[in-house]
Amino acid sequence: MEGDGIEVDDVEARRKDEPQDSDTLNGGKREGEKVPLTLPQSSTLEEGLVEGDARNEVDLTSTTRFCIRIGQAAFLYGSPGPNVERFLEHVMKQHGFYGMFRATQSELICSVAKSESELPQTTIVAIECDLDMYKLALLADLANKVLSMEVTQNDSLIELDKIAKTQNPWGDPVIWASYVLAGAALANLLGGSWWDILTSSFGSCLCFLVVLILPKIGNHGAFTKWIHLVAGFVTAAFASLVQLGLEDLNVGICTLSAIAILIPGYTVSVGVAEIVANRIVSGFAKLANGLLVLIWQVVGAWLGFSFINAVANVPSNENETESLPMAWQALFVPLICISLIFVFQVGTRDAPWALLIMGVTYGSFYGFSRLKANNLGVFLSTVVLVVIANGWAKLMNRPASLVLVPSLVLQVSGSIGFQGLFHVIEGQAELGTAQFEQMLIIALMIVVGLLAGNTVLPPGTTL
């Protein structure tokens, strides 16, 4: 029988004559002697290479899909873009691949490859940005397990589905009560009277009903995009009707307080922050989205006020609102803090910390503002907030957003922007422009405070 150039009998004979010494053996032949190699058939070799490449390709594809699923969930639950991008890139590197991720307001761009030296494959997927602190906390627990390799990708995907189906931990009645508390508390902080506070509370009930009912009308939530305009219309119309019997009522304060939860001051501030951080596309998208929502709310409020005024001739309130003594803030500030916990669905595990940090933030803002410079107070209190939030996140291995978002909402400038645009529509252009400019100034102070705080104590790698 013939092999590939060597007779089998000759090979057996040589083996008997050769010394069995490691110095003279090298792969079954004498050193220096050329022995024809026996190779697999070319088709078999090619099939082996193709199968190996296919396995690597499947691993890269499945890991990319896994990262996309986590990224989409993280944005939907309120994790900041830079945090999500860092986390996803770390996961790709952990699995031996190269990945670069960039997010806008509506898209996640994924560039992945087997190694950094290879030409990456780029995929663009749609994302939705929202806030749900409870689900974000659950996702953070899963993310920590992913980083420590405690769960497989398949188990993680199953867990993601369970998180998506998790119900609101507080329930609609508690959220409804939170709207009422937030409306009453903000009316007090804006200098409203008892009648303003009471009217704002009822207006907040109407606002919650709009948020609850509109998404359920039509196919696929077709009326969801009308929430802000309808909420502004309903609350302003209600306040105007009340003013028919109470001439001293401040319709502006009542309307603003009633829809305070929906005002996008936080989105505006985040948009400005991302622009400053050279995330131009994402930053302008968030800024434009926030301003558009604000305009919808102002237009709705103006339409509601104008409609009632056209029908019933609402009396103008030229008297100065009789504000409550400052001591009442000791009651209303904790109320608005508690309401934000429920509205943003912060879980019981993180709620005490969020309340504590909100209290420290408001206390530092109040103290620094006594320096006769409100803008300086916003900046310094934001620095304090970011340092504490980042320190808490690293110590507890939790997302800083769980305590950062509710505290930032306490001091964002959306309410000032709402008042400014409303005055512009009413014809008070000079006053309205000044208030709108003040909104942007406060947003910039918050941005500078965020950057300074992250410089003092950089954020961790968690979501």
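The values are calculated or read from the model by the stated rules, or taken from the named source; none is laboratory data. As the structure is a prediction and not an experimental result, all values here were calculated from the model. Note that each Cβ is placed from the backbone with ideal geometry, even for glycine, and that neighbours are counted across all protein chains shown.
The residues listed here are Ala237, Ala285, Ala231; of these, the one that is modelled with pLDDT under 85, in a helix (DSSP H, G or I) and of a type in the set (Gly, Ala, Ser) is Ala285.
Taking region 96-126 on its own, how many of its residues are closer than 18 Å to Pro82 by Cα and buried (at least 20 other Cβ atoms within 10 Å of the Cβ)? Here the count works out to 8. The sole residue among Val346, Val387 that is under 20 Å from the mean Cα position of the chain (by Cα), part of a loop (DSSP other than H, G, I, E, B) and of a type in the set (A, V, I, L, M, F, W, C) is Val346. Can you pull out the residues in region 146-181 that are part of a helix (DSSP H, G or I), free of Cβ contacts under 8 Å to residues at least 40 places away in the same chain and under 30 Å from His90 (Cβ atoms)? Of everything in region 146-181, those that are part of a helix (DSSP H, G or I), free of Cβ contacts under 8 Å to residues at least 40 places away in the same chain and under 30 Å from His90 (Cβ atoms) turn out to be Asn154, Asp155, Ile158, Glu159, Asp161, Lys162. One residue alone among Ser323, Ser339, Ser306, Ser369 is free of Cβ contacts under 8 Å to residues at least 12 places away in the same chain, in the same structural domain as Leu450 (by TED's automatic domain parsing) and within 20 Å of Gly192 (Cβ to Cβ), and that residue is Ser369. Listed by first and then second residue, the pairs linking a residue in region 132-145 that is under 13 Å from Gln345 (Cβ atoms) to a residue that is of a type in the set (Asp, Glu) and in a loop (DSSP other than H, G, I, E, B), with Cβ atoms under 8 Å apart and 6 or more places separating them unless they lie on different chains, are Met133/Asp350; Ala137/Asp350. Looking at region 218-226, is at least one residue touching a residue at least 40 places away in the same chain (Cβ under 8 Å) and in contact with a helix residue (DSSP H, G or I) (Cβ under 7 Å, 6 or more places away or on another chain)? Checked region 218-226: no residue is touching a residue at least 40 places away in the same chain (Cβ under 8 Å) and in contact with a helix residue (DSSP H, G or I) (Cβ under 7 Å, 6 or more places away or on another chain). The residue that is surrounded by the fewest Cβ atoms within 10 Å (Cβ to Cβ), among those in region 74-91 that are aliphatic (A, V, I, L, M) and within 22 Å of Val281 (Cβ to Cβ), is Leu76.
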